[in-house]
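Asks: Pasting a structure below so you can have a look.
The values are calculated or read from the model by the stated rules, or taken from the named source; none is laboratory data. Bear in mind the structure is a predicted one, so any value in this text is a computation, not a measurement. As a convention, Cβ positions derive from the backbone with ideal geometry for all residues, glycine included, and neighbour counts pool all protein chains shown. The area values use the complete protein model at the heavy-atom level, side chains included, leaving out ligands, DNA and RNA. Shrake-Rupley method; radii C 1.70, N 1.55, O 1.52, S 1.80 Å.
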Amino acid sequence: MTKQNAADQNARPHTLSLDSRKTLTMTGVEEVTSFDERQLILHTEGGLLTVDGDHLHVTSLLLEEGRVSIEGQVNALTYSGASGRRGLARLLR
């Protein structure tokens, strides 16, 4: 098995659920890069995700499972960059 195939098998699907713009639950989160009460930046299987809002706080962080839950007023969700680290690895081959 190649390293890429092993990485594909270990990849978690990226899902996002937003309830009333106040409770955000995600899977497929690889890393939390930056966090304060107005902005959260995460690396996900779906790419780099920026969450903008007010009074944001993390209620659950289980990076070994790729899960994150956030509460607060969510104003914007913005994806940028390659789709997860696997996308970056493909570009660098």
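Asks: Got a number for the accessible area of residue 40? Probe 1.4 Å, square angstrom, nearest 10.
Replies: 0
Asks: Quickly work out the residue 57-to-residue 21 label distance, labels modelled 7 Å from Cα along the C-beta direction, and quote it in nm with one decimal.
Replies: 2.1
Asks: Sticking with this structure for a sec: If each of residue 73 and residue 12 carries a label point 7 Å out from its Cα toward its Cβ, how far apart are those two points in nm?
Replies: Placing both labels 7 Å beyond Cα along the Cβ direction yields 3.0 nm.
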